[in-house]
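Values in this text are rule-based calculations from the coordinates and carry no lab data. From a predicted model like this one, the values you see are computed outputs, not experimental measurements. Reconstructed Cβ throughout: ideal geometry from the backbone, glycine too, with neighbour counts over all protein chains shown.
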Amino acid sequence: MKRKWLVGVVLVTALAIPAAGWAHTGHAHKYMGTVTTVSATHLEVKTTDGKTVKVVLNAKTALARGKQKVDLAALKAGERVVVEVPNEKDMIASKVTLPALRAAATK
């Protein structure tokens with residue numbers, strides 16, 4: 001009888017803990033949107049839901065256009081980007097990806 005009671009208490013406790021506490025652990029957070037401001041140390045992105053997110057850029061931030069590496073000069077206001085941030089507390093970008101350029105149409 002004690003064992004059933006103990007299992008019940010553990011189950012109720014586990015269900016009472018908010019699921020939000022478990023959300024987003026162990027993976028990068030992604031922000032999709034349009035670049036509004038670029039500097040050597042940060043990037044501001046207006047996300048698809050209208051919020052502005054400020055992200056820190058550092059020497060470890062990978063920049064790419066599609067799968068091809070690019071430098072900071074490729075980031076310009078108005079560019080669409082996907083920014084990956086491993087930790088929302090620090091907001092240091094691990095990767096910034098721009099869409100790949102389309103091949104010019106041949107005649």
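Data table
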quantity	calculated
Candidate lysines for bridging to Lys67, where Cα separation is under 20 Å - those fewer than 8 sequence places away on the same chain excluded	Lys30, Lys76, Lys95
Label-point gap, in nm, between Ala40 and Gln68 - each point 7 angstrom along Cα→Cβ	2.6 nm
Binned Cα-Cα distances of the range 42-107, short to long, each 5 Å bin given as a whole percent	4, 16, 28, 24, 15, 7, 3, 3, 1, 0, 0
Packing-based exposure ordering (other Cβ within 10 Å, fewest first) of Met32, Met91	Met32, Met91
Other-chain or far-sequence residues with amide H under 5 Å of Ser94's (modelled H)	Glu84, Val85
Relative contact order for the range 27-98, counting Cα pairs under 8 Å that sit 6 or more residues apart, in percent	36 percent
Of Val53, Leu101, His42, farthest towards positive along the dipole that unit charges on Lys, Arg, Asp, Glu beta carbons give the range 26-107	Leu101
